[in-house]
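Notes to accompany the following structure.
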Protein chains: 2
Amino acid sequence: MDDKPYYRHHVFFCLNQREGERPCCAARGAQAAQEHAKKRIKEMNLSGQGKVRINKAGCLDRCEEGPVIVVYPEGIWYTYVDKDDIDEIIDSHLVNGKPVERLKI
Amino acid sequence: MDDKPYYRHHVFFCLNQREGERPCCAARGAQAAQEHAKKRIKEMNLSGQGKVRINKAGCLDRCEEGPVIVVYPEGIWYTYVDKDDIDEIIDSHLVNGKPVERLKI
């Protein structure tokens, strides 16, 4: 990694909408979760260079484990069920640097 | 970072389409570049777990420096002009692990 990362935590939400039999994150509340995270990080004044970026992403190709997010540069992957899970990831990992073991995949 | 990253190189192309005065990656050939990279990585049999993932992303918020991509977990950011630049990033960085200094931002 280069000296200091541009974002301390760069979070990518898979928002992929997939047709057919393979599951997809979009059908499991991914968009609402991403919007919730982005809004909350902004309200906490944590967004921006040197801090946190909440990003939309296309298919991260872990569909069967979804909905999924990945946090870089740590490379930690999570699944989640609802906004409470997202809040726990924000409060524990993004704010306090302590990954949420129970949500890791 | 967790032990072994799920993807050795996870590449995010900003494909954001923006209206108004701020520049955007979509207006600078980002979609064609992403498709080119994805196709080439697949042809080289480099795509998949433990290898390379070429991803679409929403706005990475470095619009004025665009078009941009970021490669994780290294956290290396690039800009590019054409497919030759993309090929150089693929051949040097993604295949041989040697970042392309002249394209870094």
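Label-point spacing for A:C63 across the identical copies (point 7 Å from Cα in the Cβ direction), in nm and ascending order: 3.3. Shown for the stretch A:1-42: residues covered by the partner protein chains by 10 Å² or more of accessible area relative to the chain by itself (probe radius 1.4 Å), namely A:M1, A:D2, A:Y6, A:Y7, A:H10, A:F12. Rounded to the nearest 500, the helix-only mean residue ellipticity at 222 nm of chain A stands at -5500 deg cm²/dmol, with each DSSP H run of n ≥ 4 adding -39,500 (n - 2.57). Measuring r between the beta carbons of A:I105 and B:I105 and using R0 = 35 Å, the FRET efficiency lands at 0.65. How tilted is helix B:30-43 with respect to the longest principal axis of chain B? Cα atoms for both, answer in degrees (0 to 90, nearest 10). With rounding to tens, the tilt is 10 degrees. In straight-distance terms, cross-link reach from B:K42 covers every one of the lysines whose alpha-carbon lies under 29 Å from its own, apart from those fewer than eight places away in the same chain; here that gives A:K56, A:K104, B:K4, B:K51, B:K56, B:K83, B:K98, B:K104.
Spin-label pair B:R18-A:Q49: with each label point 7 Å from Cα along the Cα-Cβ axis, the two points sit 1.3 nm from one another. Excluding ligands, DNA and RNA, what is the accessible area buried between chains A and B, summed over both sides, using a 1.4 Å probe, to the nearest 100 Å²? That pair hides around 1900 Å² of surface in total. Between copies, B:R22 shows label-point distances of 3.2 nm, shortest first, with the point placed 7 angstrom from Cα along Cα to C-beta. In whole Å, what is the distance between the alpha-carbon centres of the stretch B:1-59 and the stretch A:45-94? Answer, in whole Å: 18. Across the identical copies, the label point of B:K98 (7 Å from Cα in the Cβ direction) is separated from its matches by 4.5 nm, in order from shortest.
Annotation: amide H of A:S47 within the under-5 Å range of A:V52, sequence separation 5 or more or interchain, hydrogens built in the peptide plane. Over all Cα atoms in the protein assembly as shown, the spread is summed up by Rg and Dmax: 16.3, 45 Å. What you get for the stretch B:1-88, charging only the Cβ of Lys and Arg (+1) and of Asp and Glu (-1), is a dipole of about 420 debye around the Cα centre.
Could you check how many percent of all C-alpha pairs in chain A are farther apart than 19 Å? Of all Cα-Cα pairs in chain A, 38 percent lie more than 19 Å apart. Under 13 Å Cα to Cα from A:K39, which aspartates and glutamates show up? Leave out anything in the same chain fewer than 8 places away. Counting by Cα, and skipping residues close in sequence, A:K39 has these aspartates and glutamates nearby: A:D87.
Computed 3J(HN,Hα) for the stretch B:11-20, one whole-Hz value per residue from the Karplus formula 6.51 cos²θ - 1.76 cosθ + 1.60 where θ = phi - 60°, is 9, 10, 9, 5, 10, 5, 9, 10, 9, x, glycine and proline marked x.
The values are calculated or read from the model by the stated rules, or taken from the named source; none is laboratory data. Note that this is a predicted model, so its numbers are computed, not measured. Methodologically, a virtual Cβ is constructed for each residue, glycine included, from the backbone with ideal geometry; neighbour enumeration extends over all protein chains shown. The protein model used for the area step is the full one, side chains on, heavy atoms only, and it has no ligands, DNA or RNA in it. Shrake-Rupley method; radii C 1.70, N 1.55, O 1.52, S 1.80 Å.
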